[in-house]
Amino acid sequence: MCGIVGGVAQRNVVPILLEGLKRLEYRGYDSAGLAVVHDSRIYRKREVGKVKGLETLIQNDPIPGNIGIAHTRWATHGKPSTANAHPHVCRDQVGVVHNGIIENHEPLRSDLQLNGYEFTSETDTEVIVHEIYRAMEDGCGLLEAVKRTVKKLQGAYALGVVSANDPNTLIACRKGSPLVIGIGIGEHFIASDVAALLPVTQRFIFLEEGDIAKITIDKVEIFDANNNPVSRPVKESQLKADAVEKGEYRHYMLKEIHEQPWAISQTLEGRFVNHRLQESAFGHNAGEIFDSIKSIQILACGTSYHAGYVAKYWFEKLARVPCAIEVASEFRYRKPVLSPDTLIVTISQSGETADTLAALQEAKKIGAKHSLVLCNVPESSLVRESDLVLMTRAGPEIGVASTKAFTTQLVSLMLLVIAIGRRFGLDDVLEQKITSELFQLPGKVEKVLMLNDQIQELSEQFAEKRHALFLGRGTHYPIAMEGALKLKEISYIHAEAYPAGELKHGPLALIDAEMPVITVAPNNSLLEKLKSNMQEVSARGGQLIVFIDEDLETAPDNNIQIVKIPSVENEIAPIIYTIPLQLLAYHVAVLKGTDVDQPRNLAKSVTVE
């Protein structure tokens, strides 16, 4: 959940570390800190809040160094405070930054305290730095001290470690949390995400589970989980440094909303020949695996769960294959039953979502033979753990509230529905129809984005609102769920979503003039029933905002405001109807003055339970 960056170079690394932290701030922004080795000791600066505060602190009191580590924190153990901010240092000699959770930190802390080690924070991380120092006091070099320490740790971690006793060496470790090494000329770096290092390198080594790396100016040595020296491939990133810049946009979220036509085009590109989906897009043996499956189990969290929920409707309606969906954090704890011919489909923007990764591992343990991941990050843990992979190609998504990752997940899921549906009776005519709709999708999203000004004006009605209700039917119920999530994430308005048919089973009691009701009303078979639900709200004084197909005629009503959405076929309508809900959430958040890209208490990538 936190962001790590570090480096060893022939130049001052502090500006590089600060820039890296800014690019990682989406991973956490409760506090930030930096430590460098200089003149045989460790110098450290820490500040509560965002990286800008740390940058100001260092500008006022510079600390140069050719080797250093830095961290932007999302608080788990211990409240956001200077004392709890990373890096943690032991006796000015060893410094550590950490992403993850050490589950056995309490007994380790007790043992260290009995041996005279003083703790200055509430964090689980501080046990690591003291254990490393203790091992060095026993005669271990820095690398061996880290190796000895990680053997004691239970849980997940990515670590960056420096020591005043070995001022030319940076140690990196990975277990359960992502970490990459950036390869330069006469310099090397580490980070939680390649985006942090794009200004200094395009070449990366992706550490694997259990790896420990010893990094110097001119050399990288890697040891695997069994302490064997190993060679990991160096890969060239296709991302450019400006890919994570806001450009002309006020916020990353707005930029990413407007990037959706491009992102959808990228997701489709190269996966069709003569407008026919190539199953090899999922992996060289995808056809063989698809032939063997009889059901689908989708595992995901948050926004990715909503994408999977839409796909459940698609798999059963279009492909006629049984499909279940479950929140990944629940799946692993309820003793699930799976048949071996079930395809496990995981969905994750980062590919590092801890609960989803653990759920996949549990599914394999109980007998699932095959797995497929939809992901936006190559070399991520879920990609490595899965038999088949379809990259969503959304590009870097910095805003915490997911937008283009969600729509590209939906497009990717429809590709999977087509591929598997061929085995269960999806006829060529319907497949060609869906394919044609997918290729028209970027242009239709462009048209929806032209509603921006109208939706911005509409958002003014939410200035004093504290609650909102979202309604949808069929595939649009999960779209209503996603709309409610976006609004609550970034505007802090309490928002809930319900299947419209459930109104009379409780939610109708909440309806009054102070609770706006947002409804998505595409032109499908459930429209008449949805209109009935809308009238139930209007009759009780509820204020309705309805996103409706432009081809539909609606009777005037003082309590109903209409936003016409360009007409779209039912199969891809959920993708189109999520766009105005993203814009609504964005403009309400701007109106309320919240931090759109970095909402309170949240971080982009949930890499801890």
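The values are calculated or read from the model by the stated rules, or taken from the named source; none is laboratory data. Every value quoted in this text rests on a predicted model; they were computed, and no experiment measured them. Glycine also receives a Cβ, built like all others from the backbone with ideal geometry; neighbour counts cover every protein chain displayed. The protein model used for the area step is the full one, side chains on, heavy atoms only, and it has no ligands, DNA or RNA in it. Shrake-Rupley method; radii C 1.70, N 1.55, O 1.52, S 1.80 Å.
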Q: Determine the distance separating the Cα centre of the stretch 1-29 from the Cα centre of the stretch 439-461; give it in Å without decimals.
A: 36 Å
**Q.** Between the stretch 559-601 and the stretch 287-361, the alpha-carbon center distance in angstrom
**A.** 26 Å
Q) Got a number for carbon plus sulfur as a percent of the stretch 1-153's accessible area, 1.4 Å probe? A) 46 percent
Q | Those GluC sites (Glu not before Pro) in the stretch 385-477 that DSSP places in a loop and that have at most 12 other beta carbons within 10 Å | A | GLU464
Q: May I ask for the angle, rounded to the nearest 10°, between helix 527-539 and the longest principal axis of the chain, with both axes built from Cα atoms and the value confined to 0 to 90°?
A: 80 degrees
**Q.** Whichever aspartates and glutamates have a C-alpha closer than 17 Å to that of LYS151, once near sequence neighbours (fewer than 8 apart) are set aside
**A.** GLU103, GLU106, ASP111, ASP124, GLU126, GLU131, ASP138, GLU208, GLU209, ASP211, ASP224
Q.
What are the ³J(HN,Hα) couplings of the stretch 471-482, residue after residue, when phi is run through the Karplus curve with 6.51, -1.76, 1.60 and θ = phi - 60°? Round to Hz, x for glycine and proline.
A. 10, x, 10, x, 4, 8, 5, x, 5, 4, 4, 5
(Q) Can you pull out the GluC sites (Glu not before Pro) in the stretch 266-353 whose DSSP state is coil and whose Cβ has at most 13 other Cβ atoms within 10 Å? (A) GLU269
Q.
Take SER339 and GLN361, extend 7 Å from each Cα along the Cα→Cβ direction, and tell me the distance between the two endpoints in nm.
A. 2.9 nm
**Q.** Identified option (computed mean projected area of the Cα convex hull in nm²; candidates (1) 29.4; (2) 32.0; (3) 27.9)
**A.** (3)
Q. Taking the simple approach of a point 7 Å from Cα along Cα-to-Cβ for both GLU502 and ASN601, what is their distance in nm?
A. 2.1 nm
Q. Roughly how compact is the stretch 126-174, stated as its Cα Rg over 2.2 N^0.38 Å to two decimals?
A. 1.04
Q: Just subtract the alpha-carbon distance of ALA225 and GLU144 from 0.36 nm times their residue separation and send over the number in nm, one decimal.
A: 27.8 nm
Q) Nearest 10 degrees, 0 to 90: what angle lies between the long axis of helix 51-60 and the longest principal axis of the chain (Cα atoms)? A) 40 degrees
(Q) As I understand it, the value is the acute angle between the Cα axis of helix 14-24 and the longest principal axis of the Cα atoms of the chain; what does it come to in degrees, rounded to 10? (A) 30 degrees
Q. Taking the Cα centre of the chain as the origin and placing charges on Cβ (Lys, Arg +1; Asp, Glu -1), which of VAL563, ALA419, LEU544 is farthest toward the positive end of the dipole?
A. ALA419
**Q.** Solvent-accessible heavy-atom area per residue, rounded to whole Å², over the chain at 1.4 Å
**A.** 38 Å²
Q: Project the alpha carbons of the stretch 309-422 onto their principal axes and report the range along each, largest first, in whole Å.
A: 37, 31, 22
Q.
Could you give each residue of the stretch 286-291 its phi-based ³J(HN,Hα) in whole Hz, using Karplus coefficients 6.51, -1.76, 1.60 with θ = phi - 60°, and x for Gly or Pro?
A. 4, x, 5, 5, 4, 5
Q. Once phi is turned into ³J(HN,Hα) by the Karplus curve 6.51 cos²θ - 1.76 cosθ + 1.60 with θ = phi - 60°, what whole-Hz value does each residue of the stretch 376-393 show in order, with x for glycine and proline?
A. 9, 10, x, 6, 6, 4, 5, 5, 5, 7, 9, 6, 10, 9, 10, 6, 7, 6
Q: Mind checking which lysines have their Cα closer than 25 Å to the Cα of LYS433? Skip sequence neighbours fewer than 8 apart in that chain.
A: LYS294, LYS312, LYS317, LYS404, LYS444, LYS447, LYS564
**Q.** Nitroxide proxy distance, nm - points 7 Å out along Cα→Cβ at GLU288 and SER567
**A.** 4.7 nm
Q: Set the Förster radius R0 to 30 Å, insert the Cβ-Cβ distance between GLN461 and GLU248 as r into 1/(1 + (r/R0)^6), and round the FRET efficiency to 0.05.
A: 0.65
(Q) Less than 23 Å apart at the alpha-carbon level, and either on another chain or at least 8 residues along: which lysines does that give for LYS45? (A) LYS22, LYS79
Q: Determine the percent antiparallel among the DSSP beta bridges restricted to the chain, to the nearest 5.
A: 60 percent
Q: Please work out whether the stretch 89-177 counts as rounded, prolate or oblate from its C-alpha gyration tensor, where a ≥ b ≥ c are the square roots of the eigenvalues and a/c under 1.5 means rounded, while otherwise a/b larger than b/c means prolate and anything else oblate?
A: oblate
Q: Provide the gained length on full extension for the span LYS235 to GLN440, in nm with one decimal, where the gain is 0.36 nm per separating residue minus the Cα-Cα distance.
A: 70.4 nm
Q) Given a cut-off of under 8 Å on Cα pairs at least six residues apart, what relative contact order in percent is computed for the stretch 356-441? A) 19 percent
Q | Amide H partners (placed H, <5 Å) of ASP549, local residues excluded | A | ALA521, ASN523, ILE565
(Q) What does the extension gain come out to for PHE272 and SER81, with contour length at 0.36 nm per residue minus their alpha carbon separation? (A) 63.6 nm
**Q.** Value of relative contact order over the stretch 179-277, rounded to a whole percent, pairs C-alpha under 8 Å and six or more apart
**A.** 20 percent
Q: Identify the residues of the stretch 564-591 with backbone N under 13 Å of a label point that sits 7 angstrom from the Cα of GLU550 along the Cα-to-Cβ direction, or state none.
A: 564-569
(Q) As a test, work out the antiparallel percent of DSSP beta bridges whose residues both lie in the stretch 263-352, rounded to the nearest 5. (A) 15 percent
Q) Relative contact order for the stretch 1-58 using alpha-carbon pairs under 8 Å, separation at least 6, rounded to a whole percent? A) 29 percent
Q: Work out the FRET efficiency for TYR492 and ARG384 from their Cβ-Cβ distance, taking R0 = 45 Å, and round it to the nearest 0.05.
A: 0.80
**Q.** Student exercise, the chain dipole from Lys, Arg, Asp, Glu Cβ charges, in Debye to nearest 20
**A.** 520 debye
